1. Checking the structure you have, find out if any residue of segment 284-294 is in a loop (DSSP other than H, G, I, E, B) and under 19 Å from residue 212 (Cβ atoms).
2. Could you tell me which residue of segment 228-257 is farthest from residue 273 (Cα to Cα), considering only residues that are part of a strand (DSSP E or B) and small (Gly, Ala, Ser)?
3. Of the residues 60, 21, which single one is more than 18 Å from residue 218 (Cα to Cα), exposed (fewer than 14 other Cβ atoms within 10 Å of the Cβ), free of Cβ contacts under 8 Å to residues at least 60 places away in the same chain and out of contact with any Phe, Trp or Tyr (no Cβ under 7 Å at 6 or more places or on another chain)?
4. Taking only segment 166-195 into account, find how many residues are surrounded by 15 or more Cβ atoms within 10 Å (Cβ to Cβ) and farther than 30 Å from residue 15 by Cβ.
5. If residue 89 meets every condition in (1) touching a residue at least 24 places away in the same chain (Cβ under 8 Å); (2) under 20 Å from the mean Cα position of the chain (by Cα) apart from one, which number is that one?
6. If residue 225 meets every condition in (1) modelled with pLDDT under 95; (2) of a type outside the set (Lys, Arg); (3) in a helix (DSSP H, G or I) apart from one, which number is that one?
7. Enumerate the pairs (first residue in segment 178-200 and over 13 Å from residue 254 (Cβ atoms) and β-branched (Val, Ile, Thr); second residue anywhere and at pLDDT 95 or above and surrounded by fewer than 21 Cβ atoms within 10 Å (Cβ to Cβ)) with beta-carbon separation below 9 Å, excluding pairs fewer than 6 apart on the same chain, so at least 6 apart or on different chains.
8. Take the conditions in a helix (DSSP H, G or I), in contact with a strand residue (DSSP E or B) (Cβ under 6 Å, 6 or more places away or on another chain) and either more than 30 Å from residue 102 (Cβ to Cβ) or of a type outside the set (Gly, Ala, Ser) (or both) and apply them to residue 215. Does it pass?
Amino acid sequence: MILLTGGAGFIGSCFLWKLNQEGITDVLIADTLTATNWRNLLGKRFRDFIPKDQLLARLQQGKLPRLDVIVHLGARTDTTESDLTALLQDNYEFSKALALYAAEHNIRFLYASSAATYGAGEHGFQECQLWKLRPRNLYGFSKHLFDCWAAAEGILDVAVGVKLFNVYGPNEYHKGRMASLVWQGFQQIQTTGRIRLFKSTDPRYRDGEQKRDFVYVKDVVEVLWKLLCHREVAGLYNVGTGHARSWNELAYALFAALDRPVSIEYIDIPAELQEWYQNFTQADIRKLQATPAAHHFTPLEDGVREYVHDFLLSGRLYL
């Protein structure tokens, strides 16, 4: 039996789809349903749904079936969140409780961290630099705090964590302003014929040339599946393509997929975002690629084209 937290979310629901594709339906979903994310569960098979706020009590009271794996993808993911108490409760304390339960009951534990932990990237993007990292926002700090705790407590000697970079793809529609630029840009282009990108505030980058490591959600769930199958793999791993691409390149790929002329408007970054904005991220994936979970990642243009044609334009929005 697999416990999947965040199962109604973006990556969680896509991973549930992958599990179903592999014939696995003995899955307990734990999440908080909203007016929009419930649609991510339609058409998928699972054993039961547990409200997130009831999960720990039911675990501790022994009211759940015997678990083989806990896949912890649920989190408070708003990078502009200012409520540190809420972030620490959801992303740190809740994660600690699940990890300790898994360790005490010899349950495989797989969890999601974030590239936000790397901050400005001044110490690079290698997993081994864990203790030197300086996240630039509270969300990144909450994720970093758990990574450090898991390493210090020996959790990562037997469990596995994945530092996810900029994920895009189907099932992200409920995320609002936290959804990828592919989804937001698609809507902008369909409505106005143009896409908006932030101007650069760093002289090292021209407008729109800030770079991120954009990774297609189908690749992410393939890596998660491989890590689930290879229980001998433990530790913390970057999950990205290993190639930074500019926002301009993403925009060009989106216009090409839509067969529309390129039209980009550069706008000022809101003042509240300037302090923590990441101008460059690029996953160092050498550690991942040396494991049985090694993966050939989809190039940005191909991923955007598939997302647009197979989902956004087809009317079949969801995996």
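1. Of all residues in segment 284-294, those in a loop (DSSP other than H, G, I, E, B) come to 284-285, 290-294.
Filter once more, keeping what is under 19 Å from residue 212 (Cβ atoms): 284-285.
Within segment 284-294, one or more residues are in a loop (DSSP other than H, G, I, E, B) and under 19 Å from residue 212 (Cβ atoms).
2. From segment 228-257, those part of a strand (DSSP E or B) are 235-239, 245-246; that's our starting set.
Filter once more, so that each one left must be small (Gly, Ala, Ser): 235, 246.
On the way: 235: 32, 246: 18 Å.
If we take residues in segment 228-257 being part of a strand (DSSP E or B) and small (Gly, Ala, Ser), then 235 is farthest from residue 273 (Cα to Cα).
3. Numbers: 21 fails: more than 18 Å from residue 218 (Cα to Cα).
So the residue among 60, 21 that is more than 18 Å from residue 218 (Cα to Cα), exposed (fewer than 14 other Cβ atoms within 10 Å of the Cβ), free of Cβ contacts under 8 Å to residues at least 60 places away in the same chain and out of contact with any Phe, Trp or Tyr (no Cβ under 7 Å at 6 or more places or on another chain) is 60.
4. So the count comes out to 1.
5. Among (1) touching a residue at least 24 places away in the same chain (Cβ under 8 Å); (2) under 20 Å from the mean Cα position of the chain (by Cα), residue 89 violates only (1).
6. Single failed check for residue 225: (1).
7. Sorted first by the residue in segment 178-200, then by its partner, the pairs are 192/263; 192/265.
8. Working: in a helix (DSSP H, G or I): no; in contact with a strand residue (DSSP E or B) (Cβ under 6 Å, 6 or more places away or on another chain): yes; either more than 30 Å from residue 102 (Cβ to Cβ) or of a type outside the set (Gly, Ala, Ser) (or both): yes.
No; evaluated as a whole, the condition is false for this residue.
The values are calculated or read from the model by the stated rules, or taken from the named source; none is laboratory data. Because the structure is predicted, anything quoted here is derived from the model rather than measured. Here Cβ is always computed from backbone atoms with ideal geometry, including for glycine, and neighbour counts include all displayed protein chains.
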